[in-house]
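*Asks:* The following block contains the structure, expressed as structure tokens.
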């Protein structure tokens with residue numbers, strides 16, 4: 001819906017834009033911060049993931065409302081947890097919008113995808129038996145409408161009445177439908193592969209800790 | 001795999017690009033004939049393998065016949081016809097009636113009041129009859145009605161036998177000029193210089209309606225909505241729809257000065273004037289569906305292939321060609337046929353064998369003939385669109401593999417192929433789906449707010465019309481007086497043209513996006529219609545007949 005034309009929401013001054021970016025970036029760092037030091041490999045992997053998905057979003061931008069980021073956020077949340085999923089969503093929104101067009105709507109896109117990542121972390125999309133495709137498809141369908149709904153709030157600048165907002169939402173339904181079909185396709189084609197890609201291998205320290213711990217119990 | 005996937009998704013964007021073939025590329029110049037003096041004020045006529053052209057405004061007003069290679073076959077003149085002869089030639093096929101039988105012939109009405117039936121093969125006068133002259137004689141379009149021809153004379157209308165030219169009756173009307181006759185089930189319609197619309201039954205009993213809209217200088221058009229006329233006033237014109245059964249004016253659409261002769265095909269009507277060429281769709285009402293800035297004041301050629309060709313009646317001007325795409329959009333491009341200057345005669349098109357001919361003539365009294373050989377095999381190869389064919393192949397491939405996977409129990413791959421197929425299909429129908437949805441939505445839930453108010457400083461002529469306001473560098477630029485625009489984009493284009501403001505836009509998958517206005521791009525432009533913010537693309541946002549559109553930079 002946010003791609004509908006003629007509506008941009010409140011206009012930001014250059015200073016407000018910078019502040020907005022700083023706030024978003026701070027959120028991402030806060031979400032990624034951890035008391036224990038992360039291995040450099042983890043950080044590189046996260047950076048690669050964010051850049052790749054941002055690039056795909058930029059490349060696919062000419063196709064109306066087909067959003068690969070939505071399913072990606074869902075699965076990153078499912079595999080890496082709510083904090084890293086939300087950080088991923090915020091960074092992808094910021095970086096891709098740097099090329100597509102930055103503005104007030106970036107906040108809502110970041111919030112939309114972050115909330116989807118959090119939902120993904122709670123929905124048990126990946127269980128001990130593997131990737132649950134049916135549940136992922138259901139979640140991606142709901143995520144399409146949820147994301148578009150959240151982003152639609154970006155048009156509220158005090159001049160739009162409730163009725164106009166509802167009409168705006170109604171006009172966007174075909175776009176929501178397209179987002180939904182796109183999400184389903186991504187989930188079916190790439191969901192399993194992407195989930196395995198995100199699967200965390202236990203580090204040597206973790207293996208050692210597990211082994212020692214189990215021996216201690218035995219002893 | 002990922003690359004292939006992305007490529008497949010981009011295919012619809014590739015096939016969305018259309019290629020247009022310029023008229024100049026498909027037509028070649030055949031021959032021309034320079035009459036040296038006078039004007040070609042009305043359309044040539046092709047009949048009996050010969051091309052007939054009438055010239056006037058010189059010492060020897062005449063009808064001249066040529067073969068298809070440009071050789072002059074015969075020449076018939078009428079020195080008494082001293083004014084511009086603009087009554088179109090009328091071809092009559094051989095037949096018989098109560099008055100007798102008649103051969104193939106061409107009827108010619110002269111400004112001297114003379115009406116002649118000529119043999120197309122050699123120009124022999126088969127019969128002639130004289131009508132009244134009050135300064136001018138016959139100037140309008142004659143009409144065929146069974147075994148009779150109905151002739152608009154200078155101050156009346158008469159019915160004449162085709163067999164011998166015998167007058168059946170003549171009824172006095174108002175003074176007429178270029179006022180052709182239209183035949184309908186109940187009789188005949190015609191207009192006059194005082195703005196009366198006349199209806200006559202087949203025995204000559206007349207009823208007149210004072211429309212008070214201006215001079216009616218064409219044959220009225222019979223449409224489903226009513227009788228359509230384009231009346232000429234002192235400073236403009238009015239396209240009007242009249243209901244003859246209860247004598248009421250149903251519609252009045254303001255238009256530009258000096259109207260052209262309107263033309264009808266089925267439910268569609270084309271009108272012209274010194275400002276615009278319009279296309280109307282007439283069912284229960286006549287609705288303007290296209291307005292294209294173009295200066296035309298004479299005849300408009302509308303051909304079987306849907307193309308419209310009209311002369312631009314300006315000094316140093318040329319012809320305009322208009323293409324209708326799927327009955328939806330009318331596009332315009334100028335064509336250079338090597339004739340420049342004023343012109344009011346419509347070109348004609350006809351085919352002989354595999355060759356189609358287009359013939360132009362204008363006020364320079366030069367006739368130019370173009371031909372186009374229809375190379376069926378070549379054109380079919382040129383029209384082969386590999387993008388579309390490839391997409392169709394992919395769709396069928398996905399459909400087939402989906403079925404195969406379903407039947408073989410490979411559910412995972414069935415879901416993969418069918419989801420991709422669904423996505424491609426949704427992307428293909430999406431532009432139409434989105435447009436139709438928006439239109440239906442707007443119709444179901446019309447916006448009621450109207451905070452954009454009339455500015456007292458605006459001229460009264462803008463009252464009841466469409467108005468556009470541009471906020472450029474803090475200054476409002478307003479323009480009004482527009483009619484017939486259905487969407488914001490069309491209205492905005494017209495306003496920019498009128499204000500000579502540059503407008504750049506880009507077509508995206510969800511409609512036209514306005515990139516810059518008057519060179520100002522900024523962070524985009526947004527619009528409101530009657531005070532309500534636009535929430536979809538400008539071309540999908542509907543405007544009504546009195547909408548005020550405001551464009552503001554973001």
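*Asks:* Please list the equivalent ellipsoid semi-axes of the protein assembly as shown, computed as the square roots of five times the alpha-carbon gyration tensor eigenvalues, in descending order and whole angstrom.
*Replies:* 69, 29, 21
*Asks:* I'd like the distance separating the alpha-carbon centroids of segment A:161-201 and segment B:276-312, in whole Å.
*Replies:* Spelled out, the Cα-based centre of one part sits 45 Å from the other.
*Asks:* In addition: Over the Cα atoms of segment B:460-553, each weighted equally, I'd like the Debye log10 I(q)/I(0) at q = 0.10, 0.14, 0.17, 0.26 Å⁻¹, rounded to two decimals.
*Replies:* -0.22, -0.43, -0.65, -1.58
*Asks:* Nearest 10 degrees is fine. How inclined is helix B:386-407 to the longest principal axis of chain B, computing both from alpha carbons?
*Replies:* 50 degrees
*Asks:* Ranked highest first by average number of other Cβ atoms within 10 Å, how do B:386-395, A:67-76 line up?
*Replies:* Listed from highest to lowest mean packing, they are A:67-76, B:386-395.
*Asks:* On to the next question. Obtain the radius of gyration and the Kirkwood radius of segment A:56-99 from its C-alpha atoms and give Rg over Rh.
*Replies:* 1.00
*Asks:* Against the longest principal axis of chain B, how steep is helix B:2-15, in degrees 0 to 90 to the nearest 10, with axes from Cα atoms?
*Replies:* 20 degrees
*Asks:* So, R0 is 22 Å and r is the distance between the beta-carbons of residue B:323 and residue B:283; what FRET efficiency does that work out to, to 0.05?
*Replies:* Efficiency at R0 = 22 Å is approximately 0.45.
*Asks:* Taking every pair of alpha-carbon atoms in segment B:202-357, what share in percent sits in each 10 Å bin, from 0 to the bin with the longest distance?
*Replies:* 11, 39, 33, 14, 3
*Asks:* Now for a separate question. State, as an integer percentage, the relative contact order of segment B:460-553 based on alpha-carbon contacts under 8 Å between residues 6 or more apart.
*Replies:* RCO, segment B:460-553: 35 percent.
*Asks:* 7 Å from Cα along Cα→Cβ at both residue B:453 and residue B:314: what's the point-to-point distance in nm?
*Replies:* Here the answer is 4.0 nm between the modelled labels.
*Asks:* Just tell me how shielded B:416-427 is by partners: mean number of partner chain Cβ atoms within 10 Å of each residue's Cβ, no decimals. Please report the intermediate quantities before stating the final value.
*Replies:* Values: counts 4, 2, 3, 10, 5, 1, 4, 10, 2, 1, 8, 6.
Mean inter-chain Cβ contacts per residue within 10 Å come to 5.
*Asks:* Another question, then. Take the alpha carbon atoms of segment B:531-553, find their center, do the same for segment B:76-98, and report the distance between the two centers in whole angstrom.
*Replies:* What the calculation gives is 52 Å, centre to centre.
*Asks:* Can you work out the FRET efficiency for the pair residue B:205 and residue A:161, with r the C-beta to C-beta distance and R0 = 56 Å, to the nearest 0.05?
*Replies:* 0.40
*Asks:* I've got another one for you. Nearest 10 degrees, 0 to 90: what angle lies between the long axis of helix B:488-499 and the longest principal axis of chain B (Cα atoms)?
*Replies:* Taking Cα atoms only, the helix is inclined about 60 degrees.
*Asks:* Could you work out how far the C-alpha centroid of segment B:448-497 sits from that of segment B:212-252, in angstrom?
*Replies:* Taking the Cα centre of segment B:212-252 as reference, the centre of segment B:448-497 is 26 Å away.
*Asks:* What average number of partner chain Cβ atoms lie no more than 10 Å from the Cβ of the residues making up A:56-62?
*Replies:* 2
*Asks:* Could you work out the per residue convex hull volume over the alpha carbons of segment A:78-168, in cubic angstrom?
*Replies:* Considering the Cα atoms of segment A:78-168, their hull volume per residue is 107 Å³.
*Asks:* Can you run the Rg to Rh ratio on segment B:181-254? Use alpha carbon positions and the Kirkwood inverse-distance Rh.
*Replies:* 0.94
*Asks:* Equivalent ellipsoid semi-axes for chain B, as square roots of 5 times the alpha carbon gyration tensor eigenvalues: give them largest first, rounded to whole Å.
*Replies:* For chain B, the semi-axes come out at 48, 31, 23 Å.
*Asks:* So what is the orientation-averaged projected area of segment B:111-160, using the convex hull of its C-alpha atoms, in nm²?
*Replies:* With every direction weighted equally, the projected area is 3.6 nm².
*Asks:* Between Rg and the Kirkwood Rh of segment B:35-219, both from Cα atoms, what is the Rg to Rh ratio?
*Replies:* 0.97
*Asks:* A follow-up question, please. For segment B:386-444, what does the alpha-carbon gyration tensor say about shape, rounded, prolate or oblate, given a ≥ b ≥ c as the root eigenvalues, a/c under 1.5 as rounded, and a/b over b/c as prolate?
*Replies:* oblate
*Asks:* What base-10 log of the normalised intensity I(q)/I(0) is obtained for segment B:69-119 from the Debye formula, alpha carbons as equal point scatterers, at q = 0.15, 0.19, 0.23, 0.30 Å⁻¹?
*Replies:* Here log10 of I(q) over I(0) equals -0.53, -0.78, -0.96, -1.15.
*Asks:* While we're here: Name the shape class, rounded, prolate or oblate, that the alpha-carbon gyration tensor gives for segment B:38-139, where a ≥ b ≥ c are the square roots of its eigenvalues, rounded holds for a/c under 1.5, and otherwise prolate holds if a/b is larger than b/c and oblate otherwise.
*Replies:* Oblate is the answer for segment B:38-139, as a/c is 1.5 or above yet b/c matches or exceeds a/b.
*Asks:* More than 27 Å apart: what percent of Cα pairs in segment A:14-218 qualify?
*Replies:* Result: 34 percent of Cα pairs exceed 27 Å.
*Asks:* Just grab the label-to-label distance for residue B:425 and residue B:170, each label 7 Å out from Cα along the Cβ direction, in nm (one decimal).
*Replies:* With each label point 7 Å from Cα toward Cβ, the separation is 7.0 nm.
No lab work stands behind these numbers, since they all come straight from the coordinates. What you see is a predicted model, and the numbers here were worked out from it, not measured in a lab. Here Cβ is always computed from backbone atoms with ideal geometry, including for glycine, and neighbour counts include all displayed protein chains.
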